[in-house]
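Reviewing the structure listed below.
The values are calculated or read from the model by the stated rules, or taken from the named source; none is laboratory data. Bear in mind that the values here come from a model prediction, so they are computed numbers and not experimental data. Cβ sites come from the backbone with ideal geometry, for glycine too, and all protein chains shown count toward neighbours. Protein only, heavy atoms only, side chains kept; ligands, DNA and RNA dropped before computing areas. Shrake-Rupley method; radii C 1.70, N 1.55, O 1.52, S 1.80 Å.
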Amino acid sequence: MNSDAIVIGGSFAGLSAAIYIARARRTVCVIDSGAPRNRFAGASHGFFGQDGQPPQAMISAAKQQLANYPNARLINGYATAAEQMSERFTVQLASGEVLRATKLVLAFGVSDVLPEIPGLASCWGVSLLHCPYCHGYEFANKRLGVLYAGPGSYRHATLISEWGPTTLYLNGQRILTRMRWPSLPSEVLRSNLQELLRPLLNMGIFQHCNSKRVATAP
Ligand SMILES: Cc1cc2nc3c(=O)[nH]c(=O)nc-3n(C[C@H](O)[C@H](O)[C@H](O)COP(=O)(O)OP(=O)(O)OC[C@H]3O[C@@H](n4cnc5c(N)ncnc54)[C@H](O)[C@@H]3O)c2cc1C
């Protein structure tokens, strides 16, 4: 099938692009495999006019709005390959269908890769969070932890402490001295995550995704 534009990814970015392309009276085909990055969160925060809405409901509304344009097509599917040949792009779908267009928008997002620590994956988007501005408000004044992921984690821990008392779990990393990191209070540091994790899980600091609300620390 030929269209003016193909959009790979039909979530926040891809659907925004597709609606503008359709409104420009071009034909557009959106391919979406239905796994937006924030699918693990029950509510999305901070998005203009949509604070607290379930992400899937926001995406469904945008898909319905796109469907109002007869020059737009939405395919529930997965793009396996794309290539440019002279002035045209060709996109191959897992279904075997081949699409062609003069413009290609890549809006397939990013994938989060979590540390391989038992119990962590099931907490993602519930009590294990990627962004204080999106989800920190609901955790205000609770005991918070930052998992060391690199040198930037020290700054991250000081930032998070604005939401509540914060522990930086070093996950086996060596503690930096106060000389190298003067602004970080020593009581914020914990050195061995592996030792700490099982008691934390048992105490309910990490809570399973099936639970509706955030864990409270003892
Ligand atoms: C747990 C969590 C909670 C979050 N909460 C918030 C929040 O409260 N507020 C906020 O502003 N932001 C939040 N974010 C960030 C938000 O999820 C992203 O900014 C947003 O999803 C990015 O939109 P996107 O369209 O670029 O990518 P995505 O939403 O990730 O969408 C990409 C789409 O492309 C599809 N796709 C991927 N590959 C292919 C392929 N080959 N073929 C077809 N389709 C494909 C996927 O299935 C998906 O539907 C959160 C993120 C996480 C992880």
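Screening Ser44 with (1) within 13 Å of the ligand (Cβ to nearest atom); (2) out of contact with any Pro (no Cβ under 6 Å at 6 or more places or on another chain); (3) of a type outside the set (A, V, I, L, M) gives one miss only, at (2). A single member of Trp181, Trp163 is modelled with pLDDT of 80 or more and either surrounded by 13 or more Cβ atoms within 10 Å (Cβ to Cβ) or in contact with a Pro (Cβ under 8 Å, 6 or more places away or on another chain) (or both), and it is Trp163.
Hey, any hits in region 84-97 for a residue that's open to solvent by 40 Å² or more (accessible area, probe 1.4 Å) and of a type in the set (Val, Ile, Thr)? No: zero hits. Cβ separations smaller than 7 Å between residues 6+ apart or across chains give the following pairs from region 108-122 residues that are outside any loop (DSSP other than H, G, I, E, B) to residues that are more than 8 Å from the ligand (Cβ to nearest atom): Ala121/Leu114; Ser122/His208; Ser122/Cys209.
Selection within region 18-38: residues that are near the ligand (Cβ under 10 Å from one of its atoms) and either touching a Leu at 6+ places or on another chain (Cβ under 7 Å) or under 24 Å from Ser95 (Cα atoms) (or both). The member of this set that is most open to solvent (accessible area, probe 1.4 Å) is Arg37.
Determine whether region 70-89 contains at least one residue that is modelled with pLDDT of 95 or more, small (Gly, Ala, Ser) and under 21 Å from Asn38 (Cα atoms).
Yes, region 70-89 contains a residue that is modelled with pLDDT of 95 or more, small (Gly, Ala, Ser) and under 21 Å from Asn38 (Cα atoms).
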